[in-house]
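The values are calculated or read from the model by the stated rules, or taken from the named source; none is laboratory data. Predicted model only: the values in this text are computed from it and were never measured. Because the Cβ atoms are built from the backbone with ideal geometry, glycine has one as well, and the counts that use them run over all protein chains shown.
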Amino acid sequence: MAEGKVDPVHQFTIEPLFGTDHWSIAGHNIAFTNSALWMAITTLVLIVFVGGGAKKAQVPGRWQMAVEGLTGFVDTLLQSNIGEAGRKYLPYVFSLFTFILFANLLGLLPLALVGIHPFTATSHFTVTGVLAIMSFAIVLIVGFAKHGFHFFSLFVPHGTPAVMVPVIFPIELISFLVRPFSLGLRLFVAMMAGHVLLEVLSGFVISGTNAGVGIFFLAGLPSFLLMIGICALELLVAGIQAYVFALLTCVYLNDAENLH
Amino acid sequence: MDAQSAKLLGAGLAAIGAGLASLGVGNVFAKFLEGALRNPGAADGQQGRLFIGFAAAELLGLLSFVVAMILIFVA
């Protein structure tokens, strides 16, 4: 690696903050890492945000309105996708949506200005994969508990001609089994790609600025302006990806709840 | 051609997939806007479907990014 080059994937390094490799349960290292720290911070911010707004004022203040707006948003999402039966999933989908949203946004905070390195927990497949498996497990549990083995009719869309069933069934089965991967992969790659892009551009700015005035105006400055734009885009992506994750969870839950 | 340069070339070729997915994502939003401007009253109710389409189109582009990353760092 060339001298002074910015390594775009270094930001994703997971390092133990306290605890060592010897802290292990059944061969798995349980040292407290920066990933765990930022997930804990996300949870803490989430609890403070919701707890601070969970008042029962007749005339809600700004904070209460913000929390009510968010819960109302997730509630509408569930109602429009699942219907009245979707109400009972509100705690899960709300936690999922807000956790992903806050984790995405906290990872984008410019805290490096004061020497703290924000870590985006959702830019790791281990984290998003577990979230996706949780959603998928709930779909399976609800589906089999509610419909029993009739749940398999999910793989044969209504009105399929009998001749087509052997063809349709494997296709639908594969598309069903791929869901947890696609769900986790989408969030992880979208967050990771955005952060790599920002880091690469910051590398252009730093090397361009170091290389003299001409290169600075030719490459450094445009890269910096582009970075500002990409940062705005990343804020949008952070929101959209959290929304898409919650939305797809709702769609999958609808399959389990209502079949076709 | 040695293996390392073949990997990097493959990763570069994978970027074509990201460009093609951008066509798909653009198409999703373009068609949505087209329909939404014809019938603005029904547009708000279809935003969920818009984002499902967006997510499906985007995923395939993100897969090409995964392929590139695997070629550079894993393979």
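List of remarks:
- The stretch B:31-67, subset charged (D, E, K, R) and more than 14 Å from chain A (Cβ to nearest Cβ), residue nearest to the chain's Cα centre (by Cα): B:Lys31
- From the options A:Thr71, A:Thr76, residue that is under 27 Å from the mean Cα position of the chain (by Cα), at pLDDT 90 or above, closer than 23 Å to A:Leu44 by Cα and assigned to a helix (DSSP H, G or I): A:Thr71
- Residues that are more than 12 Å from every other protein chain (Cβ to nearest Cβ), farther than 26 Å from A:Leu198 by Cβ and assigned to a helix (DSSP H, G or I), drawn from the stretch A:231-259: A:Leu253, A:Asp255, A:Ala256, A:Glu257, A:Asn258
- Flag for A:Met39 being part of a helix (DSSP H, G or I) and either loosely packed, with under 15 Cβ neighbours inside 10 Å or in contact with a Phe, Trp or Tyr (Cβ under 6 Å, 6 or more places away or on another chain) (or both): no
- Conditions (1) within 13 Å of chain A (Cβ to nearest Cβ); (2) over 14 Å from the mean Cα position of the chain (by Cα); (3) under 25 Å from A:Tyr252 (Cα atoms); number of the one not met by B:Ile70: (3)
- Failed item in (1) surrounded by fewer than 17 Cβ atoms within 10 Å (Cβ to Cβ); (2) more than 21 Å from A:Tyr243 (Cβ to Cβ); (3) of a type outside the set (S, T, N, Q), with A:Val130 passing the rest: (2)
- Residue within the stretch A:154-162 that is over 18 Å from the mean Cα position of the chain (by Cα), surrounded by 14 or more Cβ atoms within 10 Å (Cβ to Cβ), assigned to a loop (DSSP other than H, G, I, E, B) and without any contact (Cβ under 8 Å) to a residue 24 or more places away in the chain present: yes
- Test result for B:Leu8, under 21 Å from A:Phe188 (Cβ atoms) and in a helix (DSSP H, G or I): no
- Test: residue in the stretch A:194-204 that is surrounded by 19 or more Cβ atoms within 10 Å (Cβ to Cβ), within 14 Å of chain B (Cβ to nearest Cβ), among the hydrophobic types (A, V, I, L, M, F, W, C) and in contact (Cβ under 8 Å) with a residue 24 or more places away in the chain: no
- B:Ala14 fulfils the conditions (1) farther than 27 Å from A:Gly184 by Cβ; (2) within 14 Å of another protein chain (Cβ to nearest Cβ) except for a single criterion, (1).
- Any hit, the stretch A:176-186, residues being surrounded by fewer than 14 Cβ atoms within 10 Å (Cβ to Cβ) and at pLDDT 85 or above: yes
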